[in-house]
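**Q** Let me begin by handing over the structure; questions about it come next.
The values are calculated or read from the model by the stated rules, or taken from the named source; none is laboratory data. The structure displayed is predicted, hence computed values, not measured ones. Glycine also receives a Cβ, built like all others from the backbone with ideal geometry; neighbour counts cover every protein chain displayed.
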Amino acid sequence: RKEVEQDPGPFNVPEGATVAFNCTYSNSASQSFFWYRQDCRKEPKLLMSVYSSGNEDGRFTAQLNRASQYISLLIRDSKLSDSATYLCVVRGNTGFQKLVFGTGTRLLVSP
Amino acid sequence: DTGVSQNPRHKITKRGQNVTFRCDPISEHNRLYWYRQTLGQGPEFLTYFQNEAQLEKSRLLSDRFSAERPKGSFSTLEIQRTEQGDSAMYLCASSAELQGQGMNTEAFFGQGTRLTVV
């Protein structure tokens, strides 16, 4: 079983739609969680951290469910510019705290 | 530009040749990571440094791969006797550990070095 699992998609949605991605992780000791965005042939860039209480940044909302070991990302009012791959990232709190990435979920927003 | 810098951006090499990539992290960051990414996959962890110490190395990293960070600043990743399967994007990232707080900041990535082995 992969340490971090995501549905690769693609998710095809029209502009203005609301779309949600989930990500599951296997290491219950994980303590830090992030969503990164990656455009085609570019480096990953931090979209937002995911806090235990959940957090919101404009149209983006991230949630963490420790009991079920999953993280979610909700995008409201999708824009064409939201088309990208969204990477779920998990870091443990023990050992050497490497960042573990999911395979990414591809989002395509169409006019 | 004060972000993570990687050189070269692109490298084409013949199978069997050695290649070396360089990464200059954000100056105040003490952690440096190397990842490899192929098409349609997320970045795969290769190795990481805390200052000059290499703390973890993936089993994905064969004996042909070696990484160094001699002065705790820039890092190099060398691949010896390259194989076609080594073709990928090699990404470097850096982050800062907040001493005594058991947490660290998010990792910031460089633009990567795209390796093509022919």
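**Q** Which of the strands (runs of 3 or more DSSP E) contained wholly in the range A:4-60 include at least 2 residues that are exposed (fewer than 14 other Cβ atoms within 10 Å of the Cβ) and in contact with a Ser or Thr (Cβ under 7 Å, 6 or more places away or on another chain)?
**A** Working: elements: A:4-6, A:11-14, A:19-25, A:30-38, A:45-50, A:55-57.
Result: A:11-14.
Conditions tested, residue by residue: (1) farther than 15 Å from A:Cys88 by Cα; (2) of a type in the set (Gly, Ala, Ser).
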residue	(1), (2)
A:Lys2	no, no
A:Asp7	no, no
A:Gly16	yes, yes
A:Ala20	no, yes
A:Thr24	no, no
A:Phe34	no, no
A:Lys42	yes, no
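**Q** Can you tell me which residues in the range B:1-25 are outside any strand (DSSP E or B), out of contact with any helix residue (DSSP H, G or I) (no Cβ under 7 Å at 6 or more places or on another chain) and modelled with pLDDT of 95 or more?
**A** Those that are outside any strand (DSSP E or B), out of contact with any helix residue (DSSP H, G or I) (no Cβ under 7 Å at 6 or more places or on another chain) and modelled with pLDDT of 95 or more: B:Val4, B:Pro8, B:Arg9, B:Lys14, B:Gly16, B:Gln17, B:Asn18, B:Pro25.
Yes/no matrix, rows are residues, columns are (1) over 19 Å from A:Ser30 (Cα atoms); (2) within 14 Å of chain A (Cβ to nearest Cβ); (3) in contact (Cβ under 8 Å) with a residue 12 or more places away in the chain:
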site	(1), (2), (3)
B:Leu32	yes, yes, yes
B:Ser66	yes, no, yes
B:Gln80	yes, no, yes
B:Ala107	no, yes, yes
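**Q** Moving to a separate point now. Can you confirm whether the range A:66-74 contains a residue that is loosely packed, with under 14 Cβ neighbours inside 10 Å and touching a residue at least 60 places away in the same chain (Cβ under 8 Å)? Break it down into steps so the answer makes sense when it comes.
**A** Quick first cut of the range A:66-74, residues loosely packed, with under 14 Cβ neighbours inside 10 Å only: A:66-68.
Then keep just the ones that are touching a residue at least 60 places away in the same chain (Cβ under 8 Å); that gives none.
The answer is no, given that none of the residues of the range A:66-74 is loosely packed, with under 14 Cβ neighbours inside 10 Å and touching a residue at least 60 places away in the same chain (Cβ under 8 Å).
**Q** Sticking with this one: Kindly check whether there is at least one residue in the range A:88-99 that is assigned to a strand (DSSP E or B), buried (at least 20 other Cβ atoms within 10 Å of the Cβ) and touching an Asp or Glu at 6+ places or on another chain (Cβ under 8 Å).
**A** Yes, the range A:88-99 contains at least one residue that is assigned to a strand (DSSP E or B), buried (at least 20 other Cβ atoms within 10 Å of the Cβ) and touching an Asp or Glu at 6+ places or on another chain (Cβ under 8 Å).
**Q** Quick check on the range B:41-50. Is at least one of its residues touching a Lys or Arg at 6+ places or on another chain (Cβ under 9 Å), closer than 22 Å to B:Ile12 by Cβ, in a loop (DSSP other than H, G, I, E, B) and within 14 Å of chain A (Cβ to nearest Cβ)?
**A** Within the range B:41-50, one or more residues are touching a Lys or Arg at 6+ places or on another chain (Cβ under 9 Å), closer than 22 Å to B:Ile12 by Cβ, in a loop (DSSP other than H, G, I, E, B) and within 14 Å of chain A (Cβ to nearest Cβ).
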